[in-house]
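Have a look at the structure below before the remarks.
The values are calculated or read from the model by the stated rules, or taken from the named source; none is laboratory data. The model shown is predicted, which means the values in this text are computed figures rather than measured ones. No Cβ is skipped: glycine too gets one built from the backbone with ideal geometry, and neighbour counts run over all protein chains shown. Protein only, heavy atoms only, side chains kept; ligands, DNA and RNA dropped before computing areas. Shrake-Rupley method; radii C 1.70, N 1.55, O 1.52, S 1.80 Å.
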Amino acid sequence: QVQLVESGGGLVQAGGSLRLSCAASGLTFIYYAMGWFRQAPGKERERVAVINSSGDRSYYTDSVKGRFTISRDNAKRTVYPRMNSLKPEDTAVYYCASGRRAYISAEYDYWGQGTQVTVSS
């Protein structure tokens, strides 16, 4: 019933930008924090950003601070990570996740299928 569908991935050159999106359905979107994770080949999944349910607070892991921003449009039930100044090490599958308590507790209830981001050198 709950679906998180990521889109916007692709191949970009280093220094370029992408805007991903995650469209949610089957949940009351305004009650859920939304997070983004990534997993590169051979590496563990890491959280890169999270935004709270109201959209007025966000968190970024150190490696993406100043380059990535996350926003949400509750009317469209969609969250948008914008990724600027991309580096080859940003190459990964990016996953959308949601959880009602996720911003505070890092508990995620639902996950998307992922979208591939590849950054060429």
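Could you tell me whether the range 87-110 includes any residue that is open to solvent by 40 Å² or more (accessible area, probe 1.4 Å), of a type in the set (S, T, N, Q), under 28 Å from Gly15 (Cβ atoms) and out of contact with any helix residue (DSSP H, G or I) (no Cβ under 8 Å at 6 or more places or on another chain)?
no
Can you report the number of residues in the range 2-34 which are small (Gly, Ala, Ser), within 19 Å of Gly99 (Cα to Cα) and open to solvent by 40 Å² or more (accessible area, probe 1.4 Å)?
Total satisfying the criteria: 3.
Cβ-Cβ distance below 8 Å, separation of 6 or more or different chains: which pairs start in the range 15-32 with a residue that is touching a residue at least 60 places away in the same chain (Cβ under 8 Å) and farther than 24 Å from Ala92 by Cα and end on one that is open to solvent by 20 Å² or more (accessible area, probe 1.4 Å) and assigned to a strand (DSSP E or B)?
Pairs found: Leu27/Tyr110.
Is it fair to say Gly55 is within 14 Å of the chain's Cα centre (by Cα), crowded, with 16+ Cβ neighbours inside 10 Å and not in a strand (DSSP E or B)?
When the stated conditions are applied, Gly55 passes them.
For a quick check of your reading of the model, give me the residue pairs whose first member lies in the range 93-114 and is within 11 Å of Leu20 (Cβ to Cβ) and in contact (Cβ under 8 Å) with a residue 12 or more places away in the chain, whose second is acidic (Asp, Glu) and not in a loop (DSSP other than H, G, I, E, B), with beta-carbon atoms closer than 8 Å and at least 6 apart or on different chains.
What qualifies is Tyr94/Glu6; Tyr95/Glu6; Cys96/Glu6; Gly112/Glu6; Gly114/Glu6.
Only one of these is modelled with pLDDT of 95 or more, not basic (Lys, Arg) and not in a strand (DSSP E or B): Ser63, Ser71. Name it.
Ser63
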